[in-house]
Amino acid sequence: MSNYCPVIGLEIHCQLATKTKMFCGCEIEVNTTPNKHVCPVCLGMPGAMPVPNKKAVEYAIRLGLALNCEIDLNAMWTRKNYFYPDLPKGYQITQTGGLPVYDHPICKNGWLEIVKEDGTKKRVGITPASSSTT
Ligand SMILES: [Zn+2]
């Protein structure tokens, strides 16, 4: 077993404090009536064009800079099509499609420094979900 080194990845999600959703102008309101804030983009209607939320992108860049990441000025999103009972539109908009051609997240290749119990420091890499870790 000593020939193996465990690599453990964490997929971490956070909800940004924006007033509207990530890809449309629908208001975010917690604990409200279901389906109160929906539009053709949210529902994935044909021809509806999602547009990234400027404030959310700004927050992502700020987080990336705090985590020593490279900021990709050509960041892109793709549709990951799949069926899931609570996802009637049949796709999710993502930044990690699993293929290198789709691998353009806003932030990548950063690090967070932690202090271990013995007082030494260790850098934990910040990498996209589809990239290999070191
Ligand atoms: Zn919407």
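The values are calculated or read from the model by the stated rules, or taken from the named source; none is laboratory data. Note that this is a predicted model, so its numbers are computed, not measured. Using ideal geometry, Cβ is built from the backbone for each residue, glycine included, and neighbour counts are taken over all protein chains shown.
Among all residues of region 79-94, there is at least one that is surrounded by 15 or more Cβ atoms within 10 Å (Cβ to Cβ), away from the ligand (no atom under 14 Å from the Cβ) and either under 30 Å from residue 123 (Cα atoms) or of a type in the set (A, V, I, L, M, F, W, C) (or both).
Here's the yes/no breakdown for (1) assigned to a loop (DSSP other than H, G, I, E, B); (2) in contact with a strand residue (DSSP E or B) (Cβ under 9 Å, 6 or more places away or on another chain); (3) in contact (Cβ under 8 Å) with a residue 40 or more places away in the chain; (4) among the acidic types (Asp, Glu):
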position: 29; (1), (2), (3), (4): yes, no, no, yes
position: 35; (1), (2), (3), (4): yes, no, no, no
position: 38; (1), (2), (3), (4): yes, no, no, no
position: 41; (1), (2), (3), (4): yes, no, no, no
position: 50; (1), (2), (3), (4): yes, yes, yes, no
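Residue by residue, here is whether (1) surrounded by fewer than 10 Cβ atoms within 10 Å (Cβ to Cβ); (2) within 11 Å of the ligand (Cβ to nearest atom); (3) within 25 Å of residue 111 (Cα to Cα) holds:
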{"site": "10", "(1), (2), (3)": "yes, no, yes"}
{"site": "28", "(1), (2), (3)": "no, yes, no"}
{"site": "39", "(1), (2), (3)": "no, yes, no"}
{"site": "59", "(1), (2), (3)": "no, no, yes"}
{"site": "65", "(1), (2), (3)": "no, no, yes"}
{"site": "72", "(1), (2), (3)": "no, no, yes"}
{"site": "77", "(1), (2), (3)": "no, no, yes"}
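Of note, residue 101 does not satisfy the criterion of being at negative phi, modelled with pLDDT of 95 or more and not in a strand (DSSP E or B). Each residue in region 16-26 was checked for being within 16 Å of the ligand (Cβ to nearest atom) and exposed (fewer than 10 other Cβ atoms within 10 Å of the Cβ), and 0 pass.
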